[in-house]
Amino acid sequence: IHCDPQSAACVVESDLPIDFIPWAIGMTCTVSTVQLNQLFASRTRTGRLLTRAVKLWRKAKPRLHHMPHLFDPMAVAVLLHPEWFEWQRGRVSVSFAPASFAHTQFTPDPQGPHRIARQVKKSVAVRTVWDRILAL
């Protein structure tokens, strides 16, 4: 939203039905040490590529000591498994106020055009998505 809030506002104001996967969902879907070690041991082309990407990321951010989060995979998972998510219906808007410029705001409304994922079945989502990634 931050890169182009005007376009984002046009989209959400269109009243098209849109499902949102908030940043917090991706933050809860974190790869474990065991899963990361499985990736590092992988000999598939995708496994080697992702291993390199993770190691470069960790080298660039050595003080963070973070494990990878599955932000983009959760956006794909919702298309295949919407039942993994707990939803709330309402309306999303984009703020243009100076203090909250380009932030989204959510107003609950049972008749609203948007759905926000509030929770995810984290263990099944991470395990299933990670197993699929390792199989590539």
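Bear in mind these aren't lab numbers, they're just calculated from the coordinates by the rules spelled out. Model, not experiment: these values are computed from the prediction. Reconstructed Cβ throughout: ideal geometry from the backbone, glycine too, with neighbour counts over all protein chains shown.
Return the loop-located trypsin sites (Lys or Arg not before Pro) in region 42-80 (DSSP other than H, G, I, E, B) with at most 16 other Cβ atoms within 10 Å of their own Cβ; answer none if there are none.
Arg43, Arg63
Once phi is turned into θ = phi - 60°, what whole-Hz ³J(HN,Hα) does the Karplus curve with 6.51, -1.76 and 1.60 give for every residue of region 31-44, x standing for Gly and Pro?
Per residue, the Karplus-derived 3J(HN,Hα) values read 6, 7, 4, 4, 5, 5, 5, 4, 4, 4, 8, 5, 10, 6 Hz.
How long is the gain from Lys59 to Trp87 if the chain were fully straight, where each residue apart is worth 0.36 nm and the alpha carbon distance is subtracted?
Here the answer is 6.4 nm.
How far, in degrees from 0 to 90, does helix 71-80 lean away from the longest principal axis of the Cα atoms of the chain, to the nearest 10?
70
Report, by chain and number, residues whose modeled amide H sits under 5 Å from the one on Asp19, excluding near sequence neighbours (fewer than 5 apart, same chain).
Counting only residues 5 or more places away or on other chains, the set is Arg115.
How far, in degrees from 0 to 90, does helix 122-135 lean away from the longest principal axis of the Cα atoms of the chain, to the nearest 10?
50
For the chain, what is one quarter of the convex hull surface built on the Cα atoms, given in nm²?
Seen from a random direction, the Cα hull of the chain projects 9.9 nm² on average.
Can you work out the PRE-style zone for Ser32? Point 7 Å along Cα to Cβ, and I want the residues of region 59-88 with backbone N under 14 Å.
Taking a point 7 Å out along Cα→Cβ of Ser32, no residue of region 59-88 has its backbone N under 14 Å.
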